[in-house]
Amino acid sequence: MTAAETDDENGAGGTGGPGAAHGGGGGGRKFGDIRIGSVRGGAVGIGDHNYIVNGRRQEVPCDPAYEELFEAVRQLATDLERVVPSPEVSALSEELADAQDEIQRTGRAGVGRLARMRALLQDASTSIGMLASGVAVGQAVGALLGG
């Protein structure tokens, strides 16, 4: 069965199928004249008694220590874009991006992530040693890990 045959059966063909009986000149399916091509960034409700809520997710509340870490991580990630690339800097950049995502989603960063960030900061210290943002991240991580 071809798509045209299926459309004609359901009234989508413009040749007088069931959709034409509803006065829907070239109209929709046997269930009505509703057609949806695509929807992006929105919500659709069809039928009676719908209740739709379409809003942004609110950010998770964040402890001030994690807010400080988030800001320091964001600044270091920006600064690393101007540093000579190396495997250590790339690994640190990826971990910083993951940390930003985790803090935004959960309001905190796990102990394992903090430990990885500390180790990667040490590995990349030759490249980032002179960056104030690197020092700030190191201090924030140290405070959260207790040392």
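Confirm whether Phe70 is modelled with pLDDT of 90 or more, aromatic (Phe, Trp, Tyr) and open to solvent by 40 Å² or more (accessible area, probe 1.4 Å). So Phe70 passes the test.
Considering only residues that are closer than 17 Å to Ala77 by Cβ and part of a helix (DSSP H, G or I), which ones fall in the range 131-147?
Within the range 131-147, Ala132, Ser133, Gly134, Val135, Ala136, Val137, Gly138, Gln139, Ala140, Val141 meet the criteria.
Residue-by-condition table, conditions (1) touching a Cys at 6+ places or on another chain (Cβ under 8 Å); (2) not aliphatic (A, V, I, L, M):
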position: Tyr66; (1), (2): no, yes
position: Phe70; (1), (2): yes, yes
position: Ala77; (1), (2): no, no
position: Glu81; (1), (2): no, yes
position: Glu94; (1), (2): no, yes
position: Ala99; (1), (2): no, no
position: Glu102; (1), (2): no, yes
position: Arg105; (1), (2): no, yes
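Entry remark, the range 57-99: residues being touching a Lys or Arg at 6+ places or on another chain (Cβ under 8 Å), of a type outside the set (A, V, I, L, M, F, W, C) and in a helix (DSSP H, G or I) number 3 in total. Taking the criterion of being under 14 Å from Ala77 (Cβ atoms) and either over 29 Å from the mean Cα position of the chain (by Cα) or loosely packed, with under 13 Cβ neighbours inside 10 Å (or both), the only residue of the range 111-130 that qualifies is Ser127.
Restricting attention to the range 101-110, the residues that are free of Cβ contacts under 8 Å to residues at least 24 places away in the same chain, surrounded by fewer than 16 Cβ atoms within 10 Å (Cβ to Cβ) and of a type in the set (D, E, K, R) total 1.
The values are calculated or read from the model by the stated rules, or taken from the named source; none is laboratory data. Since this is a predicted model, take the numbers as computed values, not measurements. Cβ sites come from the backbone with ideal geometry, for glycine too, and all protein chains shown count toward neighbours. Each accessible area value is taken on the protein alone, full model and side chains, heavy atoms only, with ligands, DNA and RNA left out. Shrake-Rupley method; radii C 1.70, N 1.55, O 1.52, S 1.80 Å.
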